[in-house]
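Only one structure is covered here, and it is reproduced in the block below.
Read the figures in this text as sums done on the coordinates, not as results from a lab. Predicted model only: the values in this text are computed from it and were never measured. Reconstructed Cβ throughout: ideal geometry from the backbone, glycine too, with neighbour counts over all protein chains shown.
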Amino acid sequence: MKIRNVRLYTGEEEYKRGALVTEGAYVKYAGPEEGAPEDPETVDGQGGILMSGLANSHTHAAMVLFRGVGSDLGLMDWLGRLMPAEDALTPEMVHDGTLLACGEMLKNGVTAFADMYRHMDAAFEAALESGIRANMNRGSSGRDGVDSHREWAKRWHGAGDGRIRVTMGLHAEYTSDEDTVRYAVETARELGLGMHLHLSETEGEVAGCVERHGVRPVEYFDRMGLFDGPVIAAHCVHINDEERAFLARKGVWMAHCPASNLKLGSGVFDLVGALDAGCRVCLGTDGASSNNGLDMYREMYLTALLPKGMRKDPTRPRAGECVNIATRHGCLAMGYEDVGLLRPGYRADWVLLKDDVGLMPGHDAAADIVYAAQGGMVRMTAVNGRVLYRDGEWADIDMERVKARCREHARTLGVL
Ligand SMILES: [Zn+2]
């Protein structure tokens, strides 16, 4: 497939009049339109921006079923409102909720996501069905949760031509005991899986950990060797300089979730401080009931603006850095080594934005992507070279049916 007449942003370079040519699941050519190979299936990009697909590195997909529930509460009160409602979820609800979320993400240019939830077999099914790339786990809080990853690792890891990956999920320090953490770390090593957890999201969480264990969360988890393998640590809002240096040395991926942290009043992650300390940072929306959308363009906007205002330094972060955090970094964090850049030999996960009036006249693609683009400007989204969303239609999701079922589920759950 060839997409011509686009403003191509590869993640490394911008071509004012560029083209992308894909062959099967891979990028064959990314560069100036002049000189691009021909292809019988050619799409006119009409001058829109073509970029790498966005990687949502921390979310709870099926929580779209609870969008709007528990608004204007802090994390603990919000969890108190949400957790009992979540206990009533069925696998069917999680399947449909995950499918709805996958549809929303594809519509917003997201091609990969890291999910932590429950009834995961149903969630794996939905992600596979939608065509999206997904790294999934259960937010375990006990040994049974940890154990369920054994079966998933066998059944799902690498499914869908490598689109589906399994990671060991541990919800958080405050929802699990020491034995569960040790067991999760051991089991992840045994199965060769990375880990995904919530870390130092609120001041209260850090204070509670000190009270319970005599140490802050980073030291607590380090005692059990949690950071000795690949890790996605969501939030990291309340970490000190020492912890930042330590997490940088360990190569932990910090999943920055700016909208969720702001909405729940948790605080603001010090992005520039983390980057200066050498930390690896990716970006996530968190679940749709603490955001309340799955639009990574909004997250990029906040990622760029928050540090400028808070540090009174407009020079950092740069727009291009924010795009990389939202694309390539997330793919690496999730274990997709050959995804996240539009470079020959890489997977063809791409997004085409409309030639929208709000993106005119086209001086700087990275600046337009970060400061002006919105999910609603996405025209086409492709994963592994397959177009999964195009002009309001999903290739593999019957969205009207999914919406009807999700409304029904919300009624059954008593939240509608
Ligand atoms: Zn979360």
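Things to note:
- At full extension, Arg249 and Asp72 could sit 60.1 nm farther apart than now, given 0.36 nm per residue minus the alpha carbon distance.
- Ranked by how many other beta carbons lie within 10 Å on average, peptides 345-354, 304-313 from highest: 345-354, 304-313
- For region 288-304, 3J(HN,Hα) computed residue by residue from phi via the Karplus equation (6.51, -1.76, 1.60; θ = phi - 60°) reads 6, 9, 10, 10, 10, x, 10, 10, 5, 5, 5, 5, 4, 4, 5, 4, 6 Hz, glycine and proline entered as x.
- Value of relative contact order over the chain, rounded to a whole percent, pairs C-alpha under 8 Å and six or more apart: 22
- Mean Cβ count within 10 Å, highest first, over the residues of peptides 237-244, 53-60, 155-162: 53-60, 237-244, 155-162
- Gyration tensor verdict on region 54-333 (Cα atoms; rounded if a/c is under 1.5, prolate if a/b is larger than b/c, oblate otherwise): rounded
- Note on Asp391, Asp368, Asp396: ascending count of other Cβ atoms within 10 Å places them as Asp391, Asp396, Asp368, the fewest first.
- Val281 long-range amide H proximity, modeled H, under 5 Å: Met254
- Per-pair calculated FRET efficiency, R0 = 35 Å: Ala85 and Glu242 via Cβ, rounded to 0.05: 0.35
- Residue order, fewest to most surrounding Cβ atoms within 10 angstrom, among His256, His171: His171, His256
- Backbone geometry of region 388-405 corresponds, through the Karplus equation with coefficients 6.51, -1.76 and 1.60 at θ = phi - 60°, to 3J(HN,Hα) couplings of 9, 9, 8, 6, x, 10, 9, 5, 10, 10, 8, 5, 4, 5, 5, 5, 4, 5 Hz, x marking Gly and Pro.
- Sorted by Cβ density within 10 Å, fewest first, the residues Cys257, Cys322: Cys322, Cys257
- Legend: calculated FRET efficiency, Leu262 to Glu41, from the Cβ-Cβ distance at R0 = 56 Å, rounded to 0.05, equals 0.85.
- Extension gain for the segment Thr315 to Asp276, taken as residue separation times 0.36 nm less the Cα-Cα distance, is 12.7 nm to one decimal.
- The GluC sites (Glu not before Pro) of region 4-106 that meet both conditions, a loop assignment by DSSP and at most 16 other Cβ atoms within 10 Å of the site Cβ, are Glu12, Glu13, Glu34, Glu38, Glu41.
- Dimensionless Rg/Rh of region 137-232 - Kirkwood Rh, Rg from C-alpha atoms: 1.00
- Cα centroid of region 341-416 to Cα centroid of region 138-211, whole Å: 29
- Once backbone amide H atoms are built at 1.01 Å from N, Ile164 has Ala134, Gly158, Ala159 as its partners under 5 Å, excluding neighbours fewer than 5 places away on the same chain.
- In plain terms, if you count all Cα to Cα distances in region 35-147 and split them into 5 Å steps from zero, the share in each step is 2, 10, 18, 19, 16, 13, 7, 5, 4, 3, 2, 0 percent.
- Overall, the chain carries a charge dipole of about 400 debye about its Cα centre when +1 sits on the Cβ of Lys and Arg and -1 on the Cβ of Asp and Glu, all other atoms neutral.
- Cα→Cβ-extended label distance, 7 Å offset, between Asp161 and Glu393, nm: 2.1
- In whole angstrom, region 275-384 maps to an equivalent ellipsoid with semi-axes of 21, 19, 15, each derived as √(5λ) from the alpha carbon gyration tensor and ordered largest first.
- Derived scalar couplings ³J(HN,Hα) [region 357-365; Karplus, 6.51 cos²θ - 1.76 cosθ + 1.60; whole Hz; x for Gly, Pro]: 4, x, 10, 7, x, x, 6, 8, 4
- Among Ala333, Val351, Ala85 the positive-end extreme of the charge dipole of the chain (Cβ point charges): Val351
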